[in-house]
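Peer 1: A single structure is presented below for examination.
The values are calculated or read from the model by the stated rules, or taken from the named source; none is laboratory data. If you're wondering where the values come from, they're calculated on a predicted model, not measured in any experiment. Positions of Cβ are backbone-derived with ideal geometry, glycine not excepted, and every protein chain shown enters the neighbour counts. Areas reflect the complete protein model, heavy atoms only, side chains present, ligands, DNA and RNA absent. Shrake-Rupley method; radii C 1.70, N 1.55, O 1.52, S 1.80 Å.
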2 protein chains.
Amino acid sequence: MILLGSTGSIGVNTLKVAKKHNIDVEVLVAGKSIELLNKQIKEFHPKYVVVQDKDDVKDVCHDRVYHDGNGILEVLNKAKSNLVVNSLVGFAGLKPTLEAVKLGKKLALANKESLVVGGEFIDTTNITPIDSEHFGLWYLMGDKKVSSMTITASGGSFRDTPLDKLKTVTVKEALNHPNWSMGKKITIDSATMVNKLFELLEARWLFDTDKIDALIETKSIIHALINFVDGSTTAHIAGVDMKLPISYAVLDRVDDEVLKPVDLLEVGSLEFRKIEEDRYPIWSIKEQILKNPHLGVVINAANEVAIEKFFAKELGFLGISDTILKAFKKFEDTKANSTEELFEIDKEVRKFCNF
Amino acid sequence: MILLGSTGSIGVNTLKVAKKHNIDVEVLVAGKSIELLNKQIKEFHPKYVVVQDKDDVKDVCHDRVYHDGNGILEVLNKAKSNLVVNSLVGFAGLKPTLEAVKLGKKLALANKESLVVGGEFIDTTNITPIDSEHFGLWYLMGDKKVSSMTITASGGSFRDTPLDKLKTVTVKEALNHPNWSMGKKITIDSATMVNKLFELLEARWLFDTDKIDALIETKSIIHALINFVDGSTTAHIAGVDMKLPISYAVLDRVDDEVLKPVDLLEVGSLEFRKIEEDRYPIWSIKEQILKNPHLGVVINAANEVAIEKFFAKELGFLGISDTILKAFKKFEDTKANSTEELFEIDKEVRKFCNF
């Protein structure tokens, strides 16, 4: 396989699955965690390696090391593996996704931003999402007529924080997720509910529906629900562990135990909450964005800029949502007619938000 | 269709479904609710009618009225309909089930006691269970490898009653079910957890598995769960209304809304509890009975006798479980080799319990 983002949480879990099932790892693509990358190289003997920065190339223990986005595209073309796992973070994941689809490769997609930004231009036929929510939806889909779908949110780091404190919460507090241990960006996206808005958009493209909504289930053991026309609802329940969707995305068949089943008696109780707009202001544009999914590029660019500013302490936590909502208003009539235009819009939005 | 038990809760709901979908009702079989039966005759114009007691025949507004168990068997043979809905209560449902299967008819089975008592001798190929729990299991069954199944219990009328009060609860209190409005016998069976033990046995025969267990979900909106080998669990959620399983058992296809979907935000929270043996003493024989499902006949006979005694105030509430456990111990080495022997064992157990 070709693994983009090998040192992140999804990448590390993917390598565990690859090891267990003796899957050959042809390419490792990493960001800046060179030490971990070197360990992975030693264990998996990839043919090609890509890192983010040219400066890091010399520290990588491998003789075929490429760098940056162009390096990824070059290696995608050189490599023979049919399976690409894309767990890059953010907008940087889009170009490799477009290239993998163009090359006709099977794509296991953990990079949400690919579909959020470019869904309109991406043929999802050969894409399997690595995501508990979309995996859950896929798992539940049967032969009965679907009426609507629901994915769950944990509510993120501030789901129980008094509303008047949200203005002054710190980066450290924002990174303290109640249920999942994940990368930094997605943890913030979870606190602002941007992550769930992105997942609605992904579902929009993957399942070709706008009858998709979300609610908070505080323990994150129910990941997805499907309402069928007859009045039945089915739910997908599983432990908080990405190895399950990864296994299904990476293997042809899953016949053995990937996770221990959830013990509901141990869980004891479940709680469902509405996603309130006063706690999660970006939820106010949910309907609009589902009707205009091509605006995902705007939200994503604004979000990426705002998160960087939040990390740099130039913006408070609520400033992230503010930035997104302002950009959304400013660019609501924008529409890309090609992938090239997507990149232009992305730039413009970033400029606007950085102003 | 041939409807056995038309004036009970399942029967009344079945007629609603029949009316909505213009299904011809060829036979109505009722117990003692002659007034309601006469209304049903006026509305559905059955060809044959059967009542329990000979004395009631004269009060039925129909010219082809049969009576008692033999009347049911006779009419089963005369009628042309291929579909039999058996919602008779108790042991009396067994003979009609055996006859319907013998005649090669399609059987929608709400009478739990048929499989509990005679499962070993019944080919379940043409049987669809009318039961939220087994319907839920059937609904969830997909193409993935199943590891185990779970059905839920409400906990019945006394799930929150202090344990030391159980000895002195009244019949009226026992009939006050927290979630479901059902017949008298099944409401008591729910309070003693006998109903759930019966459902485990039914699942044993319907799904050919002994990896089946139950837990309490206090709101009765999750009816069934399947644990798959991979670590996924799926749940079937639906409103507390039998029209959903009835529709699937009675119609060839269900394409429209039978029930409104459950609104989880309105539900708010769910609670799971272990089925404790001190509150539900018959749960102590669960493993044994699943290993020896042929002993269902013993439990059922003892239960029917004990419930009658409880209604007659000859026995306290805990006396029901006591009676069953004593009979189970006494007859644990019994095994019927034919359906005829089933009826003999049934008689013997009743004699023992009535002593």
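Peer 1: What is the number of the single condition among (1) among the polar types (S, T, N, Q); (2) surrounded by fewer than 21 Cβ atoms within 10 Å (Cβ to Cβ); (3) more than 21 Å from residue A:27 (Cβ to Cβ) that residue A:150 does not meet?
Peer 2: Condition not satisfied by residue A:150: (2).
Peer 1: Then there is this: Only one of these is β-branched (Val, Ile, Thr), outside any loop (DSSP other than H, G, I, E, B) and surrounded by fewer than 23 Cβ atoms within 10 Å (Cβ to Cβ): B:234, B:187, B:209. Name it. Don't jump to the end; show me each part of the working.
Peer 2: On the way: B:234 fails: surrounded by fewer than 23 Cβ atoms within 10 Å (Cβ to Cβ); B:209 fails: outside any loop (DSSP other than H, G, I, E, B).
So the residue among B:234, B:187, B:209 that is β-branched (Val, Ile, Thr), outside any loop (DSSP other than H, G, I, E, B) and surrounded by fewer than 23 Cβ atoms within 10 Å (Cβ to Cβ) is B:187.
Peer 1: Now for a separate question. Do you know which of the residues in the stretch A:1-54 that are in a helix (DSSP H, G or I) and touching a helix residue (DSSP H, G or I) at 6+ places or on another chain (Cβ under 6 Å) is farthest from residue A:69 (Cα to Cα)?
Peer 2: Here the answer is A:17.
Peer 1: If I filter the stretch B:237-258 down to residues being open to solvent by less than 10 Å² (accessible area, probe 1.4 Å) and within 7 Å of another protein chain (Cβ to nearest Cβ), which single residue comes out as nearest to residue B:8 (Cα to Cα)?
Peer 2: B:244
Peer 1: Right, something else. Are there any pairs with C-beta distances below 9 angstrom linking a residue in the stretch A:214-235 that is facing chain B (nearest Cβ under 7 Å) to a residue that is part of a strand (DSSP E or B) and of a type in the set (D, E, K, R), with the two at least 6 apart or on different chains, and if so which?
Peer 2: Between residues of the stretch A:214-235 that are facing chain B (nearest Cβ under 7 Å) and residues that are part of a strand (DSSP E or B) and of a type in the set (D, E, K, R), the close pairs are A:215/A:273.
Peer 1: Taking the stated definitions as given, is residue A:269 among the hydroxyl-bearing types (Ser, Thr, Tyr) and in contact (Cβ under 8 Å) with a residue 12 or more places away in the chain?
Peer 2: no
Peer 1: Would you tally the residues in the stretch B:5-64 being more than 18 Å from residue B:76 (Cα to Cα), open to solvent by less than 40 Å² (accessible area, probe 1.4 Å) and of a type in the set (D, E, K, R)?
Peer 2: 1
Peer 1: Another question, if that's okay. What helices (runs of 4 or more DSSP H) completely inside the stretch B:257-355 contain at least 2 residues that are closer than 30 Å to residue A:271 by Cα?
Peer 2: Of the helices (runs of 4 or more DSSP H) lying wholly inside the stretch B:257-355, those with at least 2 residues that are closer than 30 Å to residue A:271 by Cα span B:264-267.
Peer 1: Name the single residue that is most open to solvent (accessible area, probe 1.4 Å) among those in the stretch B:80-121 being of a type in the set (Val, Ile, Thr) and in contact with a helix residue (DSSP H, G or I) (Cβ under 6 Å, 6 or more places away or on another chain). Spell out how you get there, then give the answer.
Peer 2: Within the stretch B:80-121, the subset of a type in the set (Val, Ile, Thr) is B:84-85, B:89, B:97, B:101, B:116-117.
Going one step further and asking which of them are in contact with a helix residue (DSSP H, G or I) (Cβ under 6 Å, 6 or more places away or on another chain), we end up with B:84-85, B:89, B:97, B:116-117.
Working: B:84: 0, B:85: 0, B:89: 102, B:97: 0, B:116: 1, B:117: 7 Å².
Across the stretch B:80-121, the extreme among qualifying residues is B:89.
Peer 1: Something else now. When the stretch A:260-279 is examined, which residues are found to be within 7 Å of chain B (Cβ to nearest Cβ) and surrounded by fewer than 17 Cβ atoms within 10 Å (Cβ to Cβ)?
Peer 2: Within the stretch A:260-279, A:260, A:265, A:267, A:268, A:269, A:271, A:274 meet the criteria.
Peer 1: Restricting attention to the stretch B:152-206, which residues are acidic (Asp, Glu) and free of Cβ contacts under 8 Å to residues at least 40 places away in the same chain?
Peer 2: Of the stretch B:152-206, the ones acidic (Asp, Glu) are B:160, B:164, B:173, B:189, B:199, B:202.
Correct list: B:160, B:164, B:173.
Peer 1: From the residues in the stretch A:122-147 that are assigned to a loop (DSSP other than H, G, I, E, B) and hydrophobic (A, V, I, L, M, F, W, C), which one is most open to solvent (accessible area, probe 1.4 Å)?
Peer 2: Looking at residues that are assigned to a loop (DSSP other than H, G, I, E, B) and hydrophobic (A, V, I, L, M, F, W, C), I get A:141.
Peer 1: Could you count how many residues in the stretch B:212-231 are within 16 Å of residue B:260 (Cα to Cα), open to solvent by 10 Å² or more (accessible area, probe 1.4 Å) and either part of a strand (DSSP E or B) or not aliphatic (A, V, I, L, M) (or both)?
Peer 2: Within the stretch B:212-231, residues that are within 16 Å of residue B:260 (Cα to Cα), open to solvent by 10 Å² or more (accessible area, probe 1.4 Å) and either part of a strand (DSSP E or B) or not aliphatic (A, V, I, L, M) (or both) number 0.
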